[in-house]
Amino acid sequence: MLKLKIVLLVILLPLLGISQVHTEKKINQQQQTWVSLNNTIMFDKHWGLLADFHVRRTDFLDSESFYMARGAAAYVTENKQIIALGCGHFWFAPSNPNWNTFSNQDFIYQLYQFNSKIGKASVLHRFRNEQRWQQIIVNDINTGNKQFTDRVRYLISFDIPIFKNKSLPRLAISDEILVQFGKEVVYNTLDQNRFFIGIKQSINPKLSFDFGYMNVYQQKKSGYQYDMNHTLRLFFYYKNDANSITHFGHHSQ
C-alpha cells in the first residue's frame, strides 16, 4: 500500500504542478494610446446620425493595435432619451510581431442612453448590445472561420464642473463593464472593465474633447490570462448643431 501511494504521488505531483502553472493568474501590463473622432449629425430635433473613427496603438504610439469605423441611425425622444441602431467594422493588428495578417470583425449594435443629474454633476447612462463576427487567424493565416459573440455593455459617466467659468475644463469620470456570451465563450464571460478619469473641454460650440487616463482590465479567452492596459485617451466630439444634445456619450470600442 505504501509503495502504491508513493507511485501515485510520483505520477500526480507533476500533473498538479502543470495544472497550477496553467491556472495561475497572469497579468500582461501594456501601455496604449487611444484616439478617436466621434460625430453627432442631427437632421432635426429627433433624428440623427452617429459616426465615429478610432485608432488604438500599443507601447504608446509604437505599434498598431486596431482601427475601427462605426455608424448608426439614432432617434432622440422628447425627454432626450436616445435609441440607436448601427453597424461597424474592426481591423485588429496581429498580436504576434512576426505576423502580418489582420483579423477583421463585423458587428451590429443597439444602443439606449439617458442622462440624469446628481447635484451639479451630469450623469450619462448608456446600455449597448453588440453582435460580433470576428475572423479566426491561426499561424498568420485566415482560416475562413468566424467566432460569434454577443456583448452587453453598461457605461456610467460623470461630467463634473470644477470651475464657475464654464469655458474652463470639467472633470470627467466614467466606468464601463462589458460581459459577453457565445458558445466559444467559456472562461471570460466577464470580458473587461474600463475606468477613465480626465478632463472634458470645449474648443467651440460644436467641437469638444476629453483627455486623460483609462485603465482597461480584460480577461483573455484562456481564463487565467489578463491584459492590464494603461491607456492615454484623447477623444474628440463633433456636433453639427450647437443647440442640439451635447453628444451621444463615450463611443469607445
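The values are calculated or read from the model by the stated rules, or taken from the named source; none is laboratory data. Note that the structure is a prediction, hence the values are computed from the model and not measured. Positions of Cβ are generated from backbone atoms using ideal geometry, with glycine treated the same way; all protein chains shown enter the neighbour counts. Side chains included, ligands, DNA and RNA excluded: accessible areas come from the protein's heavy atoms. Shrake-Rupley method; radii C 1.70, N 1.55, O 1.52, S 1.80 Å.
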* Out of the stretch 117-134, which residues are out of contact with any Leu (no Cβ under 8 Å at 6 or more places or on another chain), in a strand (DSSP E or B) and either open to solvent by less than 40 Å² (accessible area, probe 1.4 Å) or not polar (S, T, N, Q) (or both)? -> 117, 118, 121, 123, 130, 131, 132, 133
* Tally, over the stretch 180-225, of residues that are within 30 Å of residue 162 (Cα to Cα), without any contact (Cβ under 8 Å) to a residue 12 or more places away in the chain and of a type in the set (S, T, N, Q) -> 1
* Structure fact -> In the stretch 143-177, residues that are under 16 Å from residue 92 (Cβ atoms), open to solvent by less than 70 Å² (accessible area, probe 1.4 Å) and not hydroxyl-bearing (Ser, Thr, Tyr) total 2
* Hey, residue 206 farther than 23 Å from residue 126 by Cα and touching a Phe, Trp or Tyr at 6+ places or on another chain (Cβ under 8 Å) or not -> no
* Would you check which residues across the stretch 225-244 are surrounded by 14 or more Cβ atoms within 10 Å (Cβ to Cβ) and assigned to a loop (DSSP other than H, G, I, E, B) and list them? => 241, 244
* Unique match (being modelled with pLDDT of 95 or more and either surrounded by fewer than 14 Cβ atoms within 10 Å (Cβ to Cβ) or at positive phi (or both)) among 77, 101 -> 77
